[in-house]
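Asker: Before I ask anything, let me first share the structure, which is written out below as structure tokens.
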Amino acid sequence: MLKQHLQFKLSQKLSPQQIQLMKLIQLPTQAFEQRLKQELEENPALEGGKEDNDEYDDFDTSDDFNDSETISAEDINVDEYLSDDEIPDYRTRANNYSSDDDEKTMPYAAGTSFTQHLKNQLNTYRLNEEEREIAEFLVGSVDESGYIRRSLSDIMDDLAFTQNVYTEETKIENVLKIVHQLDPAGVGARNLQECLSIQLHRKEKNQNTELAINIIDKAFEQFTKKHYKKLLAKFDISEIQLKDAISEIEHLNPKPGGSYSGNNRIVEHIVPDFAIKIIDGELEITLNGRNAPELHVSREYNNMLKGYKDSKDKSKSQKDAVIFIKQKLDAAKWFIEAIKQRQQTLFVTMSAIMHYQKEYFLTGDERTLKPMILKDIADEIEMDVSTVSRVANSKYVDTPYGTKLIKEFFSESMKNDQGEDVSTREIKKILETVIEEENKKKPLTDETLSGILKEKGYPIARRTVAKYREQLDIPVARLRKKI
């Protein structure tokens, strides 16, 4: 039986310009500068610097914004800057200048790669051809933390299939012992226990290291679970001896690969997008000047367009040239307006956040952070939640208390025993403080922590305490125990 359904669907599609504006807003300062550089290189009708001619004064950018200003999506009517008869091709491509199309490049730390550093050390050992091939393959299997996390049987198979080296697991294990002699100590280990053991065996032998070796090699599980009473009984030692041995272990490096400066790790440089200062007891916000470049439309291109317009000879080649010039001019005008819109959006959003969290920015006390969600700010500045999210998730602000990721100022709320809304971030800060001040010989359980918070006026269930503790990367009481 056939059935017919009549369905009405109301949907709103973003224009290509709106999509590009959203992508511009999302870019942090450094990425924005790269995007600006790309646009200047690709569009000869767009020029950097200030244009002296008054005709182009409306394209200048300004850092001065009114805190009370609000911006809506209609503030930029791109159609005003585009001609009706010739539609530039960039308008028809939703992903024009998309970050998805950019070549992804990662800045690396300078120097020899970690793998090459290890291979260079192999040259100091006397190895036959087979052993060298195995050793180099093992070194190539070391991950960025310094571990080989694959089984010897898998490595044996890969040697056969990819290197035409047919060998046995025992031979690979013998060569692995040579790799374990390389620096940094612990490299090539297959697990944490082996990594710590390799480092301890390399240390100068004394009573503490001997006991530490026995603990790691023979009682690793009891050590990781901090079953100190079992360790005291197993090795028939005093608390002081155990404490000294554990101190020896705690000074080892659990990630030997991470200690090598030449390792190909991404170098991240944070450039604050905003700065908040306290001047005469009042907060003052500034947008990083690198987000407010001086741009103008090329006078030369504009004159070329006028010249072609006044020309009596309208050949096909001239018409094609006119179309190209108009496209570039329209694109330049739109980009300049989009940059101005981006500046205002960033400034107004951060200004609203600053005023909402005024007490925190004046004191630096995280306990004063008010509950704040994206919708609170979106409603305040009459923008979409997604726009606020783009600003919060990718931007940093320089404050008197350090450089902060803006999204850190957002948190959910809950009621205290007075029925007042308090920030979950405030509760986490109190929880963190209580744990820092606890007696490490008898760490507080989640149940006890729940009781302490209730006494302080925060009725938090045990499971909620556990959730907050995990979000703060704080281990359970048993693992916080010290002798």
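The values are calculated or read from the model by the stated rules, or taken from the named source; none is laboratory data. Here the structure is a predicted model, which is why all the values come from computation and not from measurement. Cβ: placed from backbone, ideal geometry, glycine included. Neighbour counts: every protein chain shown. Quick note on the areas: whole protein, heavy atoms, side chains included, nothing else; ligands and nucleic acids left out. Shrake-Rupley method; radii C 1.70, N 1.55, O 1.52, S 1.80 Å.
Asker: Are any of the residues in region 365-379 touching an Asp or Glu at 6+ places or on another chain (Cβ under 6 Å), under 20 Å from PHE410 (Cα atoms), open to solvent by 70 Å² or more (accessible area, probe 1.4 Å) and assigned to a helix (DSSP H, G or I)?
Answerer: Yes, region 365-379 contains a residue that is touching an Asp or Glu at 6+ places or on another chain (Cβ under 6 Å), under 20 Å from PHE410 (Cα atoms), open to solvent by 70 Å² or more (accessible area, probe 1.4 Å) and assigned to a helix (DSSP H, G or I).
Asker: Moving on to the next point. Identify, from the list GLU359, GLU337, the residue that is of a type in the set (Asp, Glu) and surrounded by fewer than 18 Cβ atoms within 10 Å (Cβ to Cβ).
Answerer: Numbers: GLU337 fails: surrounded by fewer than 18 Cβ atoms within 10 Å (Cβ to Cβ).
After ruling out the rest, the residue left standing is GLU359.
Asker: For region 427-468, which positions are among the polar types (S, T, N, Q) and surrounded by fewer than 19 Cβ atoms within 10 Å (Cβ to Cβ)? Before you say what the answer is, go through the steps one by one.
Answerer: Initially, region 427-468 is screened for residues among the polar types (S, T, N, Q), giving 433, 439, 445, 448, 450, 464.
Passing the criteria: THR433, ASN439, THR445, THR448, THR464.
Asker: If you don't mind, another one. Can you tell me which residues in region 244-256 are surrounded by fewer than 16 Cβ atoms within 10 Å (Cβ to Cβ) and assigned to a helix (DSSP H, G or I)?
Answerer: Passing the criteria: SER247, GLU250.
Asker: Separate question: Counting residues that are surrounded by fewer than 15 Cβ atoms within 10 Å (Cβ to Cβ), which helices (runs of 4 or more DSSP H) fully inside region 152-243 reach at least 3? Lay out the reasoning, then the answer.
Answerer: Details: elements: 152-163, 169-179, 192-202, 207-218, 220-224, 228-235.
Because the criterion is at least 3 residues that are surrounded by fewer than 15 Cβ atoms within 10 Å (Cβ to Cβ), the helices (runs of 4 or more DSSP H) in region 152-243 that meet it are 152-163, 169-179, 207-218, 228-235.
Asker: Can you tell me which residue in region 97-122 is modelled with the highest pLDDT, limited to those that are assigned to a helix (DSSP H, G or I) and charged (D, E, K, R)? Working first, answer last.
Answerer: Let us first name the residues in region 97-122 that are assigned to a helix (DSSP H, G or I), namely 99-101, 114-122.
Going one step further and asking which of them are charged (D, E, K, R), we end up with 100-101, 119.
Numbers: ASP100: 40, ASP101: 38, LYS119: 85.
Step by step, filter region 97-122, then rank; the result is LYS119.
Asker: Select from region 380-399 the residues that are part of a helix (DSSP H, G or I) and not hydrophobic (A, V, I, L, M, F, W, C) and write down the one among them that is surrounded by the fewest Cβ atoms within 10 Å (Cβ to Cβ).
Answerer: Going through region 380-399, the residues part of a helix (DSSP H, G or I) turn out to be 380-381, 385-394.
When the remaining residues are screened for being not hydrophobic (A, V, I, L, M, F, W, C), the result is 380, 386-387, 389-390, 393-394.
Working: GLU380: 17, SER386: 12, THR387: 21, SER389: 16, ARG390: 20, ASN393: 14, SER394: 17.
Filtering first and then ranking leaves SER386.
Asker: Right, another one. Give the residues of region 123-151 that are within 18 Å of ILE198 (Cβ to Cβ), open to solvent by less than 40 Å² (accessible area, probe 1.4 Å) and not in a helix (DSSP H, G or I), sorted by residue number.
Answerer: Answer for region 123-151, where residues must be within 18 Å of ILE198 (Cβ to Cβ), open to solvent by less than 40 Å² (accessible area, probe 1.4 Å) and not in a helix (DSSP H, G or I): SER141, VAL142, SER145, GLY146, TYR147, ILE148.
Asker: To continue, here is another question. Could you grab the pairs with beta carbons closer than 8 Å, sequence gap of 6+ or different chains, first residue in region 223-236 and touching a residue at least 12 places away in the same chain (Cβ under 8 Å), second one in a loop (DSSP other than H, G, I, E, B) and not aliphatic (A, V, I, L, M)?
Answerer: Matching pairs, first to second residue: LYS226/LYS481; TYR228/LYS481.
Asker: Surrounded by 13 or more Cβ atoms within 10 Å (Cβ to Cβ) and over 30 Å from ILE240 (Cα atoms), is that true of ILE474? Steps first, answer last, please.
Answerer: Working: surrounded by 13 or more Cβ atoms within 10 Å (Cβ to Cβ): yes; over 30 Å from ILE240 (Cα atoms): no.
Spelling it out, it is not the case that ILE474 is surrounded by 13 or more Cβ atoms within 10 Å (Cβ to Cβ) and over 30 Å from ILE240 (Cα atoms).
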